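Engineer: One structure, as structure tokens, below. Some questions next.
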Amino acid sequence: MSVIVRFAPSPTGYLHIGSARTALFNWLYARHHQGKMLLRIEDTDRARSTREAVDAIYKGLEWLGIDWDETPVHQFERMQRHVEVAQELLAIGMAYPCYCTPEELDEMRKEARAKGQPIRYDSRWRDRSPDEAPPGAQPVIRFKAPQKGNTVIHDLVQGEVHVSNYQLDDMIILRADGTPTYNLSVVVDDHDMGITHIIRGDDHLTNTFRQFQVYQAMGWKIPHFAHIPLIHGQDGAKLSKRHGALGIEAYRDMGYLPEALRNYLLRLGWSHGNHEIISTKEAIEWFDLDHVGKSPARFDFIKLANLNGHYIREMKNDDLLNLLIPFMEKKRLTLNPEALDLLKRGMNGLKQRAKTLVELADNALFYVTIPNLDEGAQKILDIEGLELLKLMEGYLSSFPETRWTEKNLEDYARKIAEEKNLKLGKLVQPLRAVLTGKTVSPSVFEILHILGKDKSLKRLQKYISSNIN
RNA sequence: GUCCCCAUCGUCUAGAGGCCUAGGACGCUGCCCUUUCACGGCAACAACGCGGGUUCGAAUCCCGCUGGGGACGCCA
């Protein structure tokens with residue numbers, strides 16, 4: 001039997017980071033088993049579902065590098081089929097109309113809570129004749145759940161989970177307006193789509209019991225379930241907007257690479273021995289449900305940043321430049337071919353020092369624009385610093401352009417430092433300050449070389465001339 | 001309130017009764033490399049929540065407690 005999984009988000013907002021991980025696990029499982037990864041948009045909540053959210057889901061998945069097979073199913077379009085199944089359940093006596101008002105239900109819940117009872121509908125219409133229905137009332141249709149015994153599911157992550165059927169009430173499958181509810185729709189769709197493995201967040205674990213009963217009532221084959229733990233914020237509380245429950249596009253905008261996020265998300269709740277850096281190829285090869293942990297994990301931006309730095313360093317300069325461009329353009333810069341060339345050649349030194357594309361863009365700025373000096377840089381250029389700067393300007397201007405390479409410039413500076421009995425750092429920091437506006441940057445000699453003699457000297461001279469008392 | 005799930009360094013985790021003096025990674029600290037900062041290398045710090053069992057032997061199995069999370073919608 002081949003594996004068919006699905007990712008079934010509801011388009012009521014952005015693609016949440018936890019959902020992204022669920023999608024990733026599904027995708028890896030499908031690809032590992034050479035099965036199918038299906039997409040189903042659960043858009044039956046018409047009030048909250050939006051076209052924009054659907055697009056955000058597609059875009060988010062694409063950005064993350066997750067693809068899917070076949071045309072996505074829109075749950076709303078399958079409403080007729082869901083109603084049909086409800087009618088069938090009604091016909092075989094596994095469902096019944098219920099005329100309870102929302103007020104009555106509310107009352108029931110309050111009472112149950114007060115008595116320390118489970119909060120559930122008391123099945124008062126289960127065996128009543130519809131003749132007793134209040135005139136003109138539109139009933140909901142409820143599923144006739146077993147009232148005795150237990151329901152047991154064999155979860156591939158959670159193991160065997162039992163619940164007493166007493167805890168489960170007769171859930172509504174058709175609303176008063178005739179539309180189907182979630183717990184019916186999922187079962188019907190999963191069945192019709194031939195889903196073999198349902199991998200989803202463990203917030204759905206309790207729904208599974210109810211869904212299980214519907215499968216049984218319909219005599220349908222029950223798929224395998226795998227409920228993966230949720231992701232928490234750094235403080236262990238539920239992931240909220242404040243700490244990480246952002247849409248996936250927010251991570252893109254913060255300058256994280258999809259391969260880094262994929263690697264990070266994969267290791268959140270799944271492991272393969274001591275492996276930390278895992279390529280997508282390896283992930284597909286290794287992924288299984290046996291090694292999915294059962295406890296929830298906290299989202300840690302620091303570790304994500306570390307991984308991101310790794311993937312930035314690994315990336316080819318050309319590819320990285322392409323990713324960098326939009327981040328540079330956010331700074332309202334127009335990048336002419338010359339600027340692009342400088343960035344490309346400066347990439348080796350730059351990418352070593354950035355954990356995000358945002359950081360990379362900040363650090364790359366000096367290549368394409370005359371920098372303003374930050375506080376530290378100004379401090380370097382005190383009276384002594386300025387003298388050393390003038391000294392170096394002199395030496396550099398007499399240095400032949402034909403020999404203007406990183407290695408030669410370094411040797412030259414070392415020689416000067418030795419002659420003047422100065423530490424190399426002392427001599428070079430003022431250059432860095434003027435060239436980059438910062439105290440921290442790639443190698444000064446690398447920068448001199450990439451900028452070229454002309455540009456480099458102009459920056460030095462401009463600074464010197466504007467600082468002659 | 002009721003039910004369900006979970007519990008190893010600060011964080012992510014390895015660990016399927018003896019291989020555990022509990023391993024790796026991130027972070028933190030120190031050192032080396034060094035023109036700054038990174039990268040890289042080396043080292044240090046740091047955990048089996050508590051209490052009972054079972055067993056010759058438990059981080060691993062069982063029970064309880066505590067703590068965390070989730071679900072209890074005519075939302076999905």
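Engineer: So what is the relative contact order for the range A:386-455, in percent, with contacts set as C-alpha pairs under 8 Å and at least six apart? Write down the numbers at each step before the final one.
Structural biologist: On the way: 39 pairs, mean separation 29.6, N = 70.
Across the range A:386-455, relative contact order equals 42 percent.
Engineer: At a probe radius of 1.4 Å, what is the per-residue accessible area of A:D362, in Å² to the nearest 10?
Structural biologist: Answer for A:D362: close to 60 Å² accessible.
Engineer: Which far-off residues, 5 or more places away or on another chain, put their amide H under 5 Å from the one on A:Y256, with H placed in the peptide plane?
Structural biologist: Residues meeting the amide H criterion: A:L357.
Engineer: What distance in nm separates the two pseudo spin-label positions at A:K423 and A:E285, each 7 Å out from Cα along the beta-carbon direction?
Structural biologist: 4.8
Engineer: Let me ask something else about it. Would you mind checking which residues have amide H under 5 Å from A:I4's amide H? H placed 1.01 Å from N; only 5 or more apart, or other chain.
Structural biologist: Correct list: A:K36, A:T196, A:H197.
Engineer: Follow-up. Between A:Q158 and residues 5 or more places away or on another chain, which pairs have amide H atoms under 5 Å apart, with H built 1.01 Å from N, and which residues are they?
Structural biologist: A:H227
Engineer: Further question: What pairs from A:K351/A:K423; A:K331/A:K351; A:K355/A:K453; A:K390/A:K458; A:K59/A:K344; A:K344/A:K453 go past 23 Å between their alpha carbons?
Structural biologist: Listed pairs above 23 Å: A:K351/A:K423; A:K355/A:K453; A:K59/A:K344.
Engineer: Over the range A:248-365, what is the relative contact order in whole percent, taking alpha-carbon pairs under 8 Å and six or more residues apart?
Structural biologist: Details: 92 pairs, mean separation 39.1, N = 118.
Result for the range A:248-365 is 33 percent.
Engineer: According to a simple spin-label model (label point 7 Å from Cα along Cα-to-Cβ), what is the distance in nm between A:H154 and A:R332?
Structural biologist: About 6.5 nm separates the two model spin labels.
Engineer: Counting only the heavy atoms of the protein chains, how much of A:M94 is accessible to a 1.4 Å probe, in Å² to the nearest 10?
Structural biologist: The value for A:M94 is about 60 Å².
Engineer: Oh, and also: Which whole-number value in Å² is the accessible area per residue of chain A, probe 1.4 Å? Before the final figure, lay out the partial values.
Structural biologist: Details: 23080 Å² over 469 residues.
Accessible area per residue, chain A: 49 Å².
Engineer: How large, in percent, is the carbon and sulfur part of the accessible surface of chain A at a probe radius of 1.4 Å?
Structural biologist: 50
Engineer: Here's another thing I want to ask about it. Quick check: net charge around A:G273, other residues with Cβ under 13 Å of its Cβ, Lys/Arg +1 and Asp/Glu -1? Present the calculation step by step, with values, prior to reporting the outcome.
Structural biologist: Details: positive: A:R267; negative: A:E276, A:E282, A:D288, A:D290.
Its environment carries a net charge of -3.
Engineer: Additional query: Using alpha-carbon pairs under 8 Å, 6+ residues apart, how would you state the relative contact order of chain A in percent? Intermediate values should be presented prior to the final figure.
Structural biologist: Working: 661 pairs, mean separation 59.7, N = 469.
Relative contact order for chain A comes out at 13 percent.
Engineer: Also, quick follow-up: Around A:P102, what is the net charge, scoring Lys/Arg as +1 and Asp/Glu as -1 over all other residues with Cβ under 12 Å from its Cβ?
Structural biologist: Overall, the nearby charge balance is -2.
Engineer: Applying the Karplus parametrisation 6.51 cos²θ - 1.76 cosθ + 1.60 with θ = phi - 60° to the phi angles of the range A:374-388, what ³J(HN,Hα) value in whole Hz is obtained for each residue in order, glycine and proline being reported as x?
Structural biologist: 7, 4, x, 5, 4, 5, 4, 8, 7, 4, 5, x, 5, 4, 5
The values are calculated or read from the model by the stated rules, or taken from the named source; none is laboratory data. Predicted, not measured: the structure shown is a model, and the values here were computed from it. Glycine gets a Cβ as well: all are built from the backbone with ideal geometry, and neighbour counts include every protein chain shown. Just the protein is used for accessible areas: all its heavy atoms, side chains included, with ligands, DNA and RNA removed. Shrake-Rupley method; radii C 1.70, N 1.55, O 1.52, S 1.80 Å.
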